[in-house]
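S.K.: Let me give you the structure first, and then I'll get to my questions.
The values are calculated or read from the model by the stated rules, or taken from the named source; none is laboratory data. All values reported here derive from a predicted model rather than from experimental measurement. Cβ: placed from backbone, ideal geometry, glycine included. Neighbour counts: every protein chain shown. These accessible areas exclude ligands, DNA and RNA; they are computed on the full protein's heavy atoms, side chains included. Shrake-Rupley method; radii C 1.70, N 1.55, O 1.52, S 1.80 Å.
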Protein chains: 2
Amino acid sequence: MTAQDHGARPSGGRQAQRAERRAAILEAAMELIAERGYRRTSLAAVAERAGLSQQGLLHHFPTKEHLLVAVLEARDRWDLASSAAAGPGSLGTDTLAQLVDYNATRPGIVQTYTVLSADSVTEDHPARAFFESRFRAVREAMAVALRAEFGESLPGGLTPERAAPLLVAVMDGLQLQWLLDPEQVDMPAAFRDFVALLAPATGRRGED
Amino acid sequence: MTAQDHGARPSGGRQAQRAERRAAILEAAMELIAERGYRRTSLAAVAERAGLSQQGLLHHFPTKEHLLVAVLEARDRWDLASSAAAGPGSLGTDTLAQLVDYNATRPGIVQTYTVLSADSVTEDHPARAFFESRFRAVREAMAVALRAEFGESLPGGLTPERAAPLLVAVMDGLQLQWLLDPEQVDMPAAFRDFVALLAPATGRRGED
DNA sequence: GTCTATAAATCGATAGAC
DNA sequence: GTCTATCGATTTATAGAC
């Protein structure tokens, strides 16, 4: 009951302790990046919030770039978990609207994503490749979802492939306006307004 | 013809020389911020590209923050000049589409705006107030323009006030996707697709 | 108005003890 | 695995000569 204790309890094993440390560091990093942006966030500040020294942090993430990639992957897993909760194959505008609702309760997470994605367009940014491939994948997923929900022809003569980048753009653009001015921008309502534009049977002509 | 020369030529006066210096510094700053982002852009690098020392630069812009605000104001003047060229009171979706066309030829300028606007949502950012009031003003201008062009009722039951933030969001969101992947994202075409969604007479129902 | 020199702080990262 | 100590580079900004 002494030396063997390290590997005894399920939540106290070496592997589990390591995972907890990493999780604490990632949470601290995500918060600070959301507050201050990636460049202004120092490893020392992340370490302090996570409750260890800068060098203890560097044992888990050897460089600042490694930490950044881990933060992005963690955020992606959160998104995926939210989508998966709605059931497999059910990705539609309803699920997306619920994701926007969820985002409206988590400004820190949204800020992390907004700041990092825009920052990534600069030269030699460590997250550039991540966001480039992520946007490509999201556009393709949106096109598939739009086709499943509305079929081949959308209002304005659009195809699902041409509407997909607009859907992604609206989500990102609304996040920016909402982060800057949450009192004036009702992000969830605005997103549903856009969804109404995409629904082919929503036009009001001929009703009066 | 010696000491008095400084103020002799119309384009060589003290005032004019000062203005030229400031313009050169602003242009260098805008380029570097577009390439590297605001945080990674050092005053020394801006000074070098503008052809003077870092301390010479600080004579014209006493802090980095002063320089940033000047860059934002200069970019706004460029935008205004582009819009004004179309004639007074003519702000409509056509003019906006032309602005998007113009932006598609100036990735550096677009990058400056995209990176700075997203960066501004972080705590105590020097450009925060600028973007907050700018977005508010742009939304209001868009609502006025949409009302003038389409009247009170838009597709999906939207009002001009509710469509305005969507219009702004699409422009910003498309810029981000286009900056990351210009080969895959046709920004001008995608924006015109969105305009087609807003035009009440564009629906295809009843035509077949 | 522009320069040289330098202050003062902070950064990411390494070395080595425990 | 976490710590103390510290290096070396870079940053913004100031002081003062010309």
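S.K.: What's the buried accessible area, both sides, between B and A using a 1.4 Å probe, rounded to 100 Å²? Kindly include the intermediate steps, with their values, before the conclusion.
M.R.: Working: alone 12560 and 12590 Å², together 20420 Å².
Approximately 4700 Å² gets buried when B meets A.
S.K.: Select from B:GLN15, B:PRO62, B:ALA34 the residue farthest towards the positive end of the dipole of the range B:11-62; place +1 on Cβ of Lys and Arg, -1 on Cβ of Asp and Glu, and compute about the Cα centre.
M.R.: The listed residue farthest towards the positive side: B:PRO62.
S.K.: How big is the range B:71-201 by Rg and Dmax over its Cα atoms, in Å?
M.R.: For the range B:71-201, the Cα radius of gyration and maximum Cα-Cα distance read 14.8, 45 Å.
S.K.: Oh, and also: So, in nm, how far is label B:ALA45 from label A:ALA81 when the simple model puts each one 7 Å beyond its Cα toward the Cβ?
M.R.: 3.7
S.K.: Could you calculate the contour length gain from B:ALA24 to B:GLU183, that is, 0.36 nm times the residue separation minus the distance between their Cα atoms, to one decimal place in nm?
M.R.: 54.1 nm
S.K.: Now a separate question. Explain nothing, just the number: relative contact order of chain A, from Cα pairs under 8 Å at least 6 residues apart, as a whole percent.
M.R.: Once normalised by length, the contact order is 17 percent.
S.K.: Now, a different point. What is the extension gain from A:HIS59 to A:ARG147, computed as 0.36 nm multiplied by their sequence separation minus the C-alpha to C-alpha distance, in nm to one decimal?
M.R.: Working: separation 88, 0.36 × 88 = 31.68 nm, distance 4.68 nm.
This chain segment gains 27.0 nm when fully extended.
S.K.: In debye, nearest 20, what is the charge dipole magnitude of the range A:65-202 about its Cα centre with +1 on Lys and Arg Cβ and -1 on Asp and Glu Cβ, if you could check?
M.R.: 280
S.K.: Here is a further query. If you put +1 on each Lys and Arg Cβ and -1 on each Asp and Glu Cβ, how big is the dipole of the range B:11-62 around its Cα centre, in Debye rounded to 20?
M.R.: Using only the charged Cβ atoms, the result is roughly 160 debye.
S.K.: Quick check on the range A:7-111: take the gyration tensor over C-alpha atoms, sort the square-rooted eigenvalues as a ≥ b ≥ c, and tell me if it's rounded (a/c under 1.5), prolate or oblate.
M.R.: It comes out oblate by the Cα gyration axes.
S.K.: Now, a different point. Report the calculated FRET efficiency for B:GLN15 and B:ALA137 (r = Cβ-Cβ distance, R0 = 25 Å), to the nearest 0.05.
M.R.: 0.25
S.K.: Turning to a different aspect of this structure: Got a number for carbon plus sulfur as a percent of the range B:97-137's accessible area, 1.4 Å probe? Intermediate results must be reported in sequence, preceding the final value.
M.R.: Working: 770 of 1520 Å².
Here carbon and sulfur together make up 51 percent of the probe-accessible area.
S.K.: In 20 Å bins starting at 0, how do the alpha-carbon pair distances of the protein assembly as shown split up by percent?
M.R.: In whole percents, the pair-distance histogram is 23, 51, 21, 4, 0.
S.K.: Assume the label is 7 Å from Cα along Cα to beta carbon: what separations in nm does A:LEU80 have to the matching positions in the other copies?
M.R.: A:LEU80 label point versus its equivalents elsewhere: 4.8 nm.
S.K.: Moving to a separate point now. Quick one: dipole size for the protein assembly as shown, taken about the Cα centre, charges +1 on Lys/Arg Cβ and -1 on Asp/Glu Cβ, in debye to the nearest 20.
M.R.: Charge dipole of the protein assembly as shown: 1080 debye, to the nearest 20.
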